[in-house]
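Visitor: Dropping the structure in here first, questions after.
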Amino acid sequence: MFNETALLEFIRPYYIDKDIMHNMWHIELVQKMVDRILSDSNYTVDEECLKLATYFHGFIYMDEEKIKQWMIAQNYNEEMISKTIQIAWESQRSEIPETIEGKILHDAHVLEGGKTYVIVKTLITGSVRGQSLIETLDFMEKNVLNQNKCFLPETIPLCDEMNQYTNNFFKDLKDGIK
């Protein structure tokens, strides 16, 4: 049932105008982490719903209805549509996702690019938004440091390592520019 060409045609417009840290490359990085989590575990998942939700997670909050319409046009049944939408939303929230697929996508989204990536992503995104380094560090201190949380046993240690690394980097950078 999965038609990757049709999927890419549908999603590309949603990512084309996003900043360089939230474009199609972002989806590829999240998908790589999803694949890593799946290869390191024994979870039984609905891979098609998980893959679709991975592609939809970056604009579910903007156009849920169009996603549903597209899935209907692709002959997905109501159960698949509902589950995919739920997984995409679960990746966006701070509370514990209900589905295993939601936990996997959530944690993959948090861990995309590895332990150093959250720093790079924050600095680049701040720059793209026209923020000064001080403004970006203020944002980082309020919204990034110790805010990342994972829910799966195999991702919790990776998240802890990332948070510790981010905190140390932030402290060193902030001390260096005082």
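The values are calculated or read from the model by the stated rules, or taken from the named source; none is laboratory data. Please read these numbers as outputs of a predicted model, since none were measured by experiment. Cβ atoms come from the backbone with ideal geometry, glycine included; neighbour counts cover every protein chain shown. The accessibility values were calculated without ligands, DNA or RNA, using every heavy atom of the protein model including side chains. Shrake-Rupley method; radii C 1.70, N 1.55, O 1.52, S 1.80 Å.
Visitor: Tally up the residues in the stretch 71-98 that are open to solvent by 50 Å² or more (accessible area, probe 1.4 Å), within 17 Å of residue 51 (Cβ to Cβ) and of a type in the set (Asp, Glu), please.
Guide: Qualifying residue count for the region: 1.
Visitor: Could I ask something else about it? Scan the stretch 100-112 and give yes if some residue there is of a type in the set (Val, Ile, Thr), under 11 Å from the mean Cα position of the chain (by Cα) and in a helix (DSSP H, G or I), otherwise no.
Guide: So the first thing to find is which residues in the stretch 100-112 are of a type in the set (Val, Ile, Thr), and the list is 100, 104, 110.
Retained after the next criterion (residues that are under 11 Å from the mean Cα position of the chain (by Cα)): 104, 110.
Remaining after also requiring in a helix (DSSP H, G or I): 104, 110.
Yes - at least one qualifying residue is present in the stretch 100-112.
Visitor: Could you count how many residues in the stretch 118-132 are assigned to a loop (DSSP other than H, G, I, E, B) and at negative phi? Reasoning before the result, please.
Guide: Taking the stretch 118-132 as the starting set, the residues that turn out to be assigned to a loop (DSSP other than H, G, I, E, B) are 129-132.
So of that shortlist, the ones also at negative phi come out as 129, 131-132.
Residues meeting the conditions: 3.
Visitor: Let me ask you something else. Within the stretch 36-52, is there a residue that is of a type in the set (Asp, Glu), within 30 Å of residue 130 (Cβ to Cβ) and either at pLDDT 95 or above or open to solvent by 70 Å² or more (accessible area, probe 1.4 Å) (or both)? Break it down stepwise before answering.
Guide: So in the stretch 36-52, the residues of a type in the set (Asp, Glu) come out as 40, 46-48.
Cutting the leftovers down to within 30 Å of residue 130 (Cβ to Cβ) gives us none.
No, there is no match, as no residue in the stretch 36-52 is of a type in the set (Asp, Glu), within 30 Å of residue 130 (Cβ to Cβ) and either at pLDDT 95 or above or open to solvent by 70 Å² or more (accessible area, probe 1.4 Å) (or both).
Visitor: Which residues, counting only those in the stretch 153-178, are open to solvent by 70 Å² or more (accessible area, probe 1.4 Å) and touching a residue at least 40 places away in the same chain (Cβ under 8 Å)?
Guide: Within the stretch 153-178, 161, 165, 169, 177 qualify.
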